[in-house]
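Some notes on the structure that comes next.
The values are calculated or read from the model by the stated rules, or taken from the named source; none is laboratory data. For clarity, every value in this text was computed on a predicted model and none was experimentally measured. Note: ideal-geometry Cβ built from the backbone for every residue, glycine included; neighbour counts use all protein chains shown. Surface accessibility is based on the protein's heavy atoms, side chains included, excluding ligands, DNA and RNA. Shrake-Rupley method; radii C 1.70, N 1.55, O 1.52, S 1.80 Å.
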Amino acid sequence: MGSSTKLLAAALLPALLMMMAFHAPTMAAAANPNLFRDYIGAIYNGVKFTDVPINPKVRFDFILAFVIDYTPPPRSRRPRPTASSTSSGRNTVLTSSAVASIKRSNPNVRVAVSLGGATVNDRPVFFNITSVDSWVRNAVTSLTAIVTEYTLDGIDIAYEQFQADPDTFADCIGRLVTTMKSNGVIKFASIAPYDNADVQRHYQALWRKYGAVIDYINFQFYAYSASTTVAQYVNFFDNQIVNYPGGNILASFTTAPTTTSVPINTSLTACQTLQSQGKLYGIFIWAADHSRSQGFRYDTQAQELLANAGTY
């Protein structure tokens, strides 16, 4: 991919193709373990920031899903920026003005954008480069433009499929985050691994080399089986404490309609157990788009649990 790599704002951001080439020094630890994070915009169903209940006693992050690492078919011998058409619904709800408005109305809210994801239009998204330097350079340029336009606060790394070795992934993402933090463009960065051997190899390599610049770990605990018990969930959480030593690991659940993921009530009970053990730093949900059909009842319950940990 190298210098021909482009960023596509694939969800709520206006569909934007930009020249890219895609890592911070301080682990940000909050005073209170009450961080709530909600991915939003993944399925284009019109969910708005204002639809989601926001508890003023938690620290609340919206995470826009997703910006993708994109290379179009070659049309000329020289890579160039490509103006793309906007897709109806993607840039009319979760707009830059909507970001500004929700942050203005809720001082405890920050907004980030997630890079990667598993698929776009049912096609897999891969991390695949030919040049670390050009990927980092172009990624910094593209993401800086997006973060600035939308007055965003941070980025989230959510690649799940790789066509590059773990050390290359670590260097690219680590340098991207480091540069954007050093330039004052972002305040925080997170990663979103799950318990798959290849995924873990890549993210643990990133953590070993650049863990000091990664603020939060959005571990996808809901990706375990539907038969997972509360005790097993807590054990899985403890395993990730070992895998990402010193990290701010968030518990999680999905509100998507599924029979193959950890049930929501199991996850919430496990969160209560982790909180009683002093291990619960925060919770994230995949995703607000799905929660809307449930009246955001589980988003509300998770925030109420976290609010008991302290006032923002």
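The packing ranking of peptides 188-198, 241-251, highest mean first, is 188-198, 241-251, where packing means the average number of other beta carbon atoms within 10 angstrom of each residue.
Amide H contacts under 5 Å for PHE284: ARG37, ALA251, SER252, PHE253, restricted to partners 5 or more places along the chain or on a different chain, H placed in the peptide plane at 1.01 Å from N.
Using the Cβ-Cβ distance between TYR44 and ARG297 with R0 set to 22 Å, the FRET efficiency works out to roughly 0.45. The residues of segment 148-274 have, on average, 36 Å² of accessible surface per residue, using a 1.4 Å probe with all protein chains present.
Relative to the current alpha-carbon distance between ALA231 and THR258, full extension at 0.36 nm per residue lengthens the span by 7.6 nm. With a Förster radius of 22 Å applied to the beta-carbon distance between ILE241 and ASN308, the computed FRET efficiency rounds to 0.50.
Using a simple spin-label model with pseudo-atoms 7 Å out from Cα toward Cβ, ASP122 and THR141 lie 3.5 nm apart.
Taking θ as phi - 60° and the Karplus parameters 6.51, -1.76 and 1.60, the scalar couplings of segment 146-160 work out to 5, 4, 5, 4, 9, 6, 7, 10, x, 10, 10, 9, 10, 5, 10 Hz in sequence order, x denoting glycine and proline. Against the compact-protein benchmark of 2.2 N^0.38 Å, the Cα-based radius of gyration of segment 197-298 scales to 1.09. Quotient of the Cα radius of gyration of segment 88-161 and 2.2 N^0.38 Å, N being its number of residues: 1.29. Count Lys and Arg as plus one, Asp and Glu as minus one, and take only other residues whose Cβ is under 10 Å from that of LEU306; the net charge is then +1.
For segment 248-253, 3J(HN,Hα) computed residue by residue from phi via the Karplus equation (6.51, -1.76, 1.60; θ = phi - 60°) reads 8, 8, 9, 6, 7, 8 Hz, glycine and proline entered as x.
One Cα centroid belongs to segment 205-282, the other to segment 284-310; the line between them spans 16 Å. Restriction of the trypsin sites (Lys or Arg not before Pro) in segment 249-308 to DSSP coil positions whose beta-carbon has at most 16 other beta-carbons within 10 angstrom yields LYS279.
Evaluate E = 1/(1 + (r/R0)^6) for SER101 and GLU149, where r is the Cβ-Cβ distance and R0 equals 22 Å; express this FRET efficiency to the nearest 0.05. With a Förster radius of 22 Å, E is 0.90.
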